[in-house]
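Asker: Right, I'll just put the structure down here and ask away after.
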Amino acid sequence: MKTTLTIVFAAVTSVAGAAFAAAAPGATAADGSLPPLDGSKLKLSSANALVLDASAGTAIYAKGADAVTPIASVTKLMTAMVVLDAAQPLDETISVGIDDLDMLKGSHSRLRLGTELPRREMLRLALMASENRAASSLSRHYPGGIAAFVLAMNRKAQALGMTYTHFSDPTGLSSANVATANDLARMVQAAAEYPVIREFTTTPSHYVEVQPTGQLLGFNNTNSLVKNGTWDIQVSKTGFIREAGKCLVMLATIASRPVVIVLLDSYGRLTRIGDANRVKHWLETGEALPATVAAKPVAKSKRVKSS
């Protein structure tokens, strides 16, 4: 009898140990998905948030993920997909015109009226540095102009199953550009299928020689995390207008798994970066990250002045 009990106890201990190992933070379950985590330990300041296991297609954490909200320059991921879908020559020179000036928010740009750049560089600056005039120029040089471009954006959103998304301009300056966190996770995953978008959204800094002046301008990525060696980011886009707050979407590899992070309506200069670091730490350890660590800024490049 004693021998039997010993065998039963050993078997139960083995099963319990295996279950614990499968649920250990950072490990993967038998089906390849991330294990269950205690969402109560993840305290995010963003009003709307979603953490999605990209491989399994399941939400790991959600907070107001079905709320429709302005998305600011996160819009530019859709802008880039529409540009690339049109297969226009990336080496063709396009220019900044009067219609590309921001009359809505009065946002600053170093791309002056008349600036000429290859379509490739306009796309890079729109994605990496969130250049509004670059995004507008791309749409204006689309077959049929801006109206046709915006129509293509909304058709693309419908095709991707972004049910609650609507676009009214290619820059994100309009608060009428709205979506849910769930919809944006779909958009991030679709954008990741474009190698150019993966490259341009994660480029830390870049110089361009603008024509016709020949002036050399330097631009930084609006997401400082792409310069942080502890992060493995495949797609990134930030956004901000007053109505949307600070926004950040990413596809990143965390705990050996691809994860989509959507953070919307954050206030404070470092809030969205702090939230992203909290998500990463929680996925890796299952524990909350101290606020002082989460908010620690990433050192910026000293070679290129941030735009």
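Asker: Applying the selection to segment 180-211, what residues are under 29 Å from A47 (Cα atoms), surrounded by fewer than 21 Cβ atoms within 10 Å (Cβ to Cβ) and hydrophobic (A, V, I, L, M, F, W, C)?
Answerer: Those that are under 29 Å from A47 (Cα atoms), surrounded by fewer than 21 Cβ atoms within 10 Å (Cβ to Cβ) and hydrophobic (A, V, I, L, M, F, W, C): A190, A192.
Asker: In this structure, does W282 turn out to be touching a residue at least 24 places away in the same chain (Cβ under 8 Å) and not in a loop (DSSP other than H, G, I, E, B)?
Answerer: When the stated conditions are applied, W282 passes them.
Asker: A follow-up question, please. Working only within segment 36-49, note down all residues that are among the aliphatic types (A, V, I, L, M) and farther than 19 Å from G268 by Cα. So that I can check it myself, show each step before the final result.
Answerer: Looking only at segment 36-49, we keep the residues that are among the aliphatic types (A, V, I, L, M), and these are 37, 42, 44, 47, 49.
Correct list: L37 only.
Asker: Which residue pairs have Cβ atoms closer than 6 Å, lie 6 or more positions apart in sequence or on different chains, and pair a first residue in segment 97-120 that is without any contact (Cβ under 8 Å) to a residue 60 or more places away in the chain with a second residue that is among the acidic types (D, E) and exposed (fewer than 15 other Cβ atoms within 10 Å of the Cβ)?
Answerer: Pairs that qualify, where the first residue is without any contact (Cβ under 8 Å) to a residue 60 or more places away in the chain and the partner is among the acidic types (D, E) and exposed (fewer than 15 other Cβ atoms within 10 Å of the Cβ), are P118/D91; R119/E92.
Asker: Follow-up question, since we're still on this one. Looking only at segment 93-122, which residues are touching a helix residue (DSSP H, G or I) at 6+ places or on another chain (Cβ under 6 Å) and part of a loop (DSSP other than H, G, I, E, B)?
Answerer: Within segment 93-122, V96, D102, S107, S109, L111 meet the criteria.
Asker: Here's something else I'd like to know. If I ask for residues that are part of a helix (DSSP H, G or I) and either among the hydroxyl-bearing types (S, T, Y) or touching a Cys at 6+ places or on another chain (Cβ under 8 Å) (or both), which ones from segment 42-78 would you list?
Answerer: Going residue by residue through segment 42-78, those that are part of a helix (DSSP H, G or I) are 72-78.
Listed by number, the residues that qualify are A72, S73, V74, T75.
Asker: Hey, does segment 238-254 have a residue that's aliphatic (A, V, I, L, M), within 15 Å of the chain's Cα centre (by Cα) and farther than 30 Å from S174 by Cβ?
Answerer: So in segment 238-254, the residues aliphatic (A, V, I, L, M) come out as 241, 244, 248-252, 254.
This time we only want the ones that are within 15 Å of the chain's Cα centre (by Cα), so: 244, 248-252, 254.
Filter once more, so that each one left must be farther than 30 Å from S174 by Cβ: 254.
Within segment 238-254, one or more residues are aliphatic (A, V, I, L, M), within 15 Å of the chain's Cα centre (by Cα) and farther than 30 Å from S174 by Cβ.
Asker: Also: Out of the strands (runs of 3 or more DSSP E) lying entirely within segment 138-256, which hold 1 or more residues that are under 16 Å from L50 (Cα atoms) and free of Cβ contacts under 8 Å to residues at least 60 places away in the same chain? Working first, answer last.
Answerer: On the way: elements: 205-210, 215-220, 233-241, 245-254.
So the answer is 233-241, 245-254.
None of the figures in this text is laboratory data; all of them are computed from the coordinates on show. As the structure is a prediction and not an experimental result, all values here were calculated from the model. Cβ coordinates were reconstructed from backbone atoms using ideal geometry, including for glycine residues, and neighbour counts include every protein chain displayed.
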